[in-house]
Amino acid sequence: MDQRRHTIVTLTEHRDESGHHVCLRGRLDFHTVPDLRMVLHRIVDDGHDDLLLDLSECEIGDATGFGVIVECLRRARRGSRTFCIVDADERTRRLLRRARLNHLIATAPSTLTAAVS
């Protein structure tokens with residue numbers, strides 16, 4: 001598999017009455033996380049409203065990719081900010097369950113997840 005096609009992760013964000021929506025698209029792995037980490041830390045640290053993370057179009061490639069999600073959770077907790085994942089693929093859900101973080105996956109109405117897209 002050609003790793004070059006997975007070297008870009010896109011991030012979109014917006015705010016509305018339900019919180020700060022962040023949507024990640026691409027593969028989170030050793031190659032993409034360093035640049036993304038700084039952006040995510042800024043987003044988590046600069047806000048006060050609920051942080052809603054959409055991972056529906058994101059692939060967790062390795063432990064580094066999963067680690068950046070856990071880092072966001074910890075930073076949000078330190079800042080007393082609510083953090084939840086509004087959508088994720090089955091593999092990511094399984095990783096969250098194994099790490100006992102499945103409580104992060106919100107049961108969001110379809111309008112919420114559609115707004116992030």
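A few notes on this one:
- Residue that is farthest from Thr92 (Cα to Cα), among those in segment 21-56 that are surrounded by 13 or more Cβ atoms within 10 Å (Cβ to Cβ) and among the basic types (Lys, Arg): Arg37
- Looking only at segment 83-103, residues that are over 14 Å from Leu55 (Cα atoms) and loosely packed, with under 14 Cβ neighbours inside 10 Å come to 5 in all.
- Test: residue in segment 6-14 that is exposed (fewer than 15 other Cβ atoms within 10 Å of the Cβ), farther than 22 Å from Leu96 by Cα and of a type in the set (A, V, I, L, M, F, W, C): yes
- Only one of Gly65, Gly61 that is surrounded by 15 or more Cβ atoms within 10 Å (Cβ to Cβ), among the small types (Gly, Ala, Ser) and under 11 Å from the mean Cα position of the chain (by Cα): Gly65
Any read-out appearing in this document is the output of simple, stated calculations on the displayed coordinates, not a laboratory observation. Because the structure is predicted, anything quoted here is derived from the model rather than measured. Cβ coordinates were reconstructed from backbone atoms using ideal geometry, including for glycine residues, and neighbour counts include every protein chain displayed.
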